[in-house]
Amino acid sequence: QVQLVESGGGLVQAGGSLRLSCAASGSNFRIFTMGWYRQAPGKQRELVAAITRGGITNYADSVNGRFTISRDNAKNTVYLQMNSLKPEDTAVYYCTASTVGDLYWGQGTQVTVSS
């Protein structure tokens, strides 16, 4: 089992920045890809960004150039630096972590961007 604890969400004005963190614990297995998804009211959950253990990243087109994902393998922690935030970035953001055969989800953290 892997437990994921997210932090860093909140309310910010458009154009502002937030940094999300997610710490994984409890796993005896190596964690491979970590990532962030988001779900806005009335919309499907979507991938925001992901990063492999080796540091290869992938971004949704809507956040490319504004968001940066990074990780600290020694701490099993993933970060999401969000800059130039827009009202349409408002959503619950979920951290994910994959091990061999399993995908784990955090409880989610609310990000609200006011116009």
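The values are calculated or read from the model by the stated rules, or taken from the named source; none is laboratory data. Values in this document were obtained by computation on a predicted structure and should not be read as measured data. Reconstructed Cβ throughout: ideal geometry from the backbone, glycine too, with neighbour counts over all protein chains shown. Side chains are part of the model used for accessible areas, which takes the heavy atoms of the whole protein and leaves out ligands, DNA and RNA. Shrake-Rupley method; radii C 1.70, N 1.55, O 1.52, S 1.80 Å.
For first residues located in region 8-25 and at positive phi, partners that are open to solvent by 50 Å² or more (accessible area, probe 1.4 Å) and not hydroxyl-bearing (Ser, Thr, Tyr) and lie 6+ apart or on another chain with Cβ distances below 8 Å form the pairs Gly8/Arg19; Gly10/Gln110.
Applying the criterion of being touching a Gly at 6+ places or on another chain (Cβ under 6 Å) and part of a strand (DSSP E or B) to the residues of region 1-12, the residue that is surrounded by the fewest Cβ atoms within 10 Å (Cβ to Cβ) is Gln3. One residue alone among Thr52, Thr57, Thr90, Thr68 is at negative phi, of a type in the set (S, T, N, Q) and open to solvent by less than 40 Å² (accessible area, probe 1.4 Å), and that residue is Thr90. Of all residues in region 17-31, those satisfying the criterion of being surrounded by 14 or more Cβ atoms within 10 Å (Cβ to Cβ) and farther than 13 Å from Tyr79 by Cβ are Ser27, Ile31.
Only one entry of Ala50, Ala60 meets the criterion of being closer than 22 Å to Ala14 by Cβ, in contact with a strand residue (DSSP E or B) (Cβ under 6 Å, 6 or more places away or on another chain), small (Gly, Ala, Ser) and free of Cβ contacts under 8 Å to residues at least 60 places away in the same chain, and that entry is Ala60.
Tallying residues that are closer than 21 Å to Gly65 by Cα and in contact (Cβ under 8 Å) with a residue 40 or more places away in the chain within region 26-47 yields 9. Counting the residues of region 74-87 that are surrounded by 14 or more Cβ atoms within 10 Å (Cβ to Cβ) and farther than 16 Å from Asp61 by Cα gives 4.
Yes/no per residue for (1) acidic (Asp, Glu); (2) under 20 Å from Thr109 (Cα atoms); (3) under 12 Å from the mean Cα position of the chain (by Cα):
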site: Ala23; (1), (2), (3): no, yes, yes
site: Pro41; (1), (2), (3): no, yes, no
site: Leu47; (1), (2), (3): no, yes, yes
site: Ala50; (1), (2), (3): no, yes, yes
site: Phe67; (1), (2), (3): no, yes, yes
site: Asn73; (1), (2), (3): no, no, no
site: Thr77; (1), (2), (3): no, yes, yes
